[in-house]
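The values are calculated or read from the model by the stated rules, or taken from the named source; none is laboratory data. The model shown is predicted, which means the values in this text are computed figures rather than measured ones. Ideal geometry is used to build each Cβ from the backbone, glycine not excepted, and the neighbour counts take in all protein chains shown.
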């Protein structure tokens, strides 16, 4: 297993944000966490990147316990994230944002190759390369956030709500790019409110409800599950 | 407006302007420390004035060490080698104090996610502690059995008094601008301050490390996700502020030649004013704010009398903030464009 989460608990003050969460991400797969607002999806992602303190449980990455590793060390190990809300650096150019993605890397040739790869995936970013990122459209900012996460040459990339706030056509495009990223060999952990698309893309899926995992299975299994359909796919009324 | 009538003569207008630029350059260098730390942490480092003050003492001590306590008057050329040593010592001293502050007064509280107000109070406490420690330096020297000319240089028990550099640096005229003679000391101060500002500005804008600083300023969580070690960035931000304050301290001692344990206070407040005036968090704002403040208060002193100098600075601050609440340049370090 590339990533194993065992009994993870995270609190905000006295409030339990996630409770006893366990799941695994197999190398080369696409795994998704779906759930409503406030279910704990983003907290889980932030915790995996080391931005939230763990109260109990373990995070194991490629056999190493990284539960208490600082965020920047996790990036070096090969875990990068495109955060919820994109988190681009608004005052930097597109190019500088992409360079930031490779901040922890020393191999110049590899970084140059990955820059080409990211710009290949997102030709729009090439057109905007010298533009200040704060002036990009929402879709472009999302592309930049994903491209930037790939610049770390991660073994697993964490994508938190990549479709949020995007037009349906763009959502299609983002999901086909996620597939392509996975086909190029990067493991993907995807958090989505757009459950239908996410389940279609995922090998494995987990449903989060108020901080706990209530269901799991293959993407196809969950897409066919009655209660999941009712709660997250608008049912088939 | 008839400047000549206002200032007595046009030449004296020029002379007050250039005099103001000299002080403004020093304000700007100190303002840089306030602005850098604010840019990264959104906190005012109230102890930064002491970072500067320790630098001025380092300069005086180097002169005592290398020259002894007998007073002398040197011209700039004669003083240059000693000044260079003093510059290195002041930069090292100020940097060390800045790093100490970060480690003791800031990092533990930031780690615990303390509210900003608490951190601010911690900084004010650190400021008093540092200033009073310098006031007690003779006592300390006695405790540690240090019986050297440094400790006893000022009359014992009078350590709070002004500490005068044994070497007075006498300025020499270089050239005239409209009747005002620009001296070597003035020119050195302006050039050195500008050079330091330009180097730091380029460092922040062009280098990988500068990108790291800007990323933390713009979005600390995203920066962490990129593999930026925020603690290290904060540390280096304090370091840079300290180095700039060390340069300011050396230039200040060149010009004024004396310091005291409370020397940082008013200068610190002025530099902070300059930083806010230029747009806090903005490096170029610190430069512009420093120079503007220096020139304006000198003009104010010329027109209304020297006792109005500080009144003019702070009235100016209020006026500028009323018109432009985010300062002259406004944009923060975070949003500074490359």
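The table that follows gives values for the structure above.
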read-out: Subset of the range B:201-210 [out of contact with any helix residue (DSSP H, G or I) (no Cβ under 6 Å at 6 or more places or on another chain) and not in a loop (DSSP other than H, G, I, E, B)]; value: B:202, B:205, B:206, B:208, B:209
read-out: Residue tally, condition modelled with pLDDT of 85 or more and over 20 Å from residue B:70 (Cβ atoms), over the range B:148-184; value: 8
read-out: Matching residues, the range A:57-71, being surrounded by fewer than 22 Cβ atoms within 10 Å (Cβ to Cβ), in contact (Cβ under 8 Å) with a residue 12 or more places away in the chain and more than 8 Å from chain B (Cβ to nearest Cβ); value: A:57, A:58, A:60, A:62, A:64, A:66, A:67, A:68, A:69
read-out: Odd one out for residue A:79, checked against (1) more than 8 Å from every other protein chain (Cβ to nearest Cβ); (2) within 13 Å of residue A:10 (Cβ to Cβ); (3) in contact with a strand residue (DSSP E or B) (Cβ under 6 Å, 6 or more places away or on another chain); value: (2)
read-out: Helices (runs of 4 or more DSSP H) wholly inside the range B:249-338 that include at least 2 residues being within 14 Å of chain A (Cβ to nearest Cβ); value: B:283-304
read-out: Residue in the range A:218-237 that is surrounded by 14 or more Cβ atoms within 10 Å (Cβ to Cβ), assigned to a strand (DSSP E or B) and at pLDDT 90 or above present; value: no
read-out: Residues satisfying the stated conditions in the range A:139-154, i.e. in contact (Cβ under 8 Å) with a residue 40 or more places away in the chain and away from chain B (no Cβ under 11 Å); value: A:141, A:142, A:144, A:146, A:147, A:150, A:153
read-out: Some residue of the range B:216-225 being within 14 Å of chain A (Cβ to nearest Cβ), surrounded by fewer than 24 Cβ atoms within 10 Å (Cβ to Cβ) and closer than 17 Å to residue B:45 by Cα; value: no
read-out: The one condition in (1) crowded, with 23+ Cβ neighbours inside 10 Å; (2) within 13 Å of the chain's Cα centre (by Cα); (3) within 14 Å of chain B (Cβ to nearest Cβ) that residue A:162 fails to fulfil; value: (3)
read-out: Test result for residue B:123, at negative phi, assigned to a helix (DSSP H, G or I) and modelled with pLDDT of 90 or more; value: yes
read-out: Checklist (1) under 24 Å from residue B:112 (Cβ atoms); (2) surrounded by fewer than 21 Cβ atoms within 10 Å (Cβ to Cβ); (3) within 13 Å of chain B (Cβ to nearest Cβ) applied to residue A:108, failing item; value: (1)
read-out: Residue list for the range B:36-55, restricted to those being assigned to a helix (DSSP H, G or I), at pLDDT below 95 and within 21 Å of residue B:249 (Cβ to Cβ); value: B:36, B:37, B:38
read-out: Candidates B:204, B:167 - the one that is farther than 23 Å from residue B:30 by Cα and buried (at least 19 other Cβ atoms within 10 Å of the Cβ); value: B:167
read-out: Test: residue in the range A:23-31 that is touching a helix residue (DSSP H, G or I) at 6+ places or on another chain (Cβ under 7 Å) and more than 14 Å from chain B (Cβ to nearest Cβ); value: yes
read-out: Hits in the range B:100-116 (condition: under 30 Å from residue B:65 (Cβ atoms) and buried (at least 17 other Cβ atoms within 10 Å of the Cβ)); value: B:100, B:101, B:102, B:105
read-out: Flag if residue A:146 is touching a helix residue (DSSP H, G or I) at 6+ places or on another chain (Cβ under 9 Å), modelled with pLDDT of 95 or more and in a loop (DSSP other than H, G, I, E, B); value: no
read-out: Selected residue [surrounded by 22 or more Cβ atoms within 10 Å (Cβ to Cβ), modelled with pLDDT of 95 or more and either more than 11 Å from chain B (Cβ to nearest Cβ) or touching a helix residue (DSSP H, G or I) at 6+ places or on another chain (Cβ under 9 Å) (or both)] from A:74, A:95, A:128; value: A:74
read-out: Only one of B:182, B:228 that is in contact with a strand residue (DSSP E or B) (Cβ under 8 Å, 6 or more places away or on another chain) and outside any helix (DSSP H, G or I); value: B:182
read-out: Failed criterion for residue A:115 (all others in (1) touching a residue at least 24 places away in the same chain (Cβ under 8 Å); (2) within 14 Å of another protein chain (Cβ to nearest Cβ) hold); value: (2)
read-out: Evaluation of residue B:318 against (1) surrounded by 20 or more Cβ atoms within 10 Å (Cβ to Cβ); (2) free of Cβ contacts under 8 Å to residues at least 12 places away in the same chain (one fails), failing number; value: (1)
